[in-house]
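What follows is calculated from the coordinates using simple rules that are stated; it is not laboratory data. None of these values were measured; they are calculated from a predicted model. When we count neighbours, we look across all protein chains shown, and the Cβ atoms used for this are built from the backbone with ideal geometry, even at glycine.
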Amino acid sequence: MAKVIVVTSGKGGVGKTTTSAAIATGLALRGFKTVIIDFDVGLRNVDLIMGCERRVVFDFINVINGDAKLHQALIKDKRVETLSILATSQTRDKDALTEEGVERIIAELAPLFDYIVCDSPAGIERGAHLAMYFADEAIVVANAEVSSVRDADRMIGLLTSKSRRAEQGQPMPQHLLLTRYDAERVERGEMLKVEDVQEILAVPLLGVVPECPSVLQASNVGMPVVLDDKSPAGKAYLDAVGRILGEETEIVIPRVARRGFIDRLLGRTA
């Protein structure tokens, strides 16, 4: 039976959908049958990040409403054999998601896949609640900025109290993934240090993804960044996938490169 992972954040724009796509693709690259579900009804983006927007015929809401069978809505990724995508509707509102419908679809997917990755909308409204409610574990995505960390703290509280596992008296395993981490901004005091974020949120750190132009480049061509073998961000996501699978690898925290004596003498930048 599949393990359900929700990728969530309180604040929008932190790289949550990029993270969902990267984690799902990374798991699939390891040979695990993986499906990613877009819960952001009305503002879907998973299909764009995955490069399959022109292949969406039926979606998550169609299946919930009984207008299509699950196999009609699932899209097989053309690059990674073990990866599938379940896009959501662009035209419906979030009330189209029902607890009964989501539970039924996850129950149908569970025997078919090893992992179900739920891409949650930002915020704490219905779509976000249903994305996290049936999860077995959570990845909380945040930037190292005060507003993002505060909103992430709110989501951690909801995961701890409002999920089905919480209702059953079981702990919800949670991981913190810091994205768009800019070492130069940290040094200038414009971003929090990793240690500061960890102290505030008190959630195990899954990884630190550096600010990297390759993320936008990959998104623009409809490719999960983990498929770019030269991307520092892609490497950080792949390392995070390894940790999800229980591998113990050192978390690399980006640092500002220091210039040597000769570089300083000649006025070279790092």
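Quick look at the numbers
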item: Qualifying aspartates and glutamates (Cα of each under 15 Å from Cα of Lys33; at least 8 residues distant if same chain); result: Asp77, Glu81, Glu108, Asp114
item: Longest exposed-site-free window of the chain, the sites being GluC sites (Glu not before Pro) in a DSSP loop that have at most 13 other C-beta atoms within 10 Å; result: 1-80
item: Folded to 0 to 90 degrees: helix 16-29 orientation relative to the chain principal axis, Cα; result: 80 degrees
item: Whether segment 112-270 is rounded, prolate or oblate, judged on the alpha carbon gyration tensor where a/c under 1.5 counts as rounded; result: prolate
item: Coil-residue trypsin sites (Lys or Arg not before Pro) of segment 1-93, DSSP, other Cβ within 10 Å capped at 10; result: none
item: Whole-angstrom Cα spans of the chain along principal axes, big to small; result: 70, 40, 34
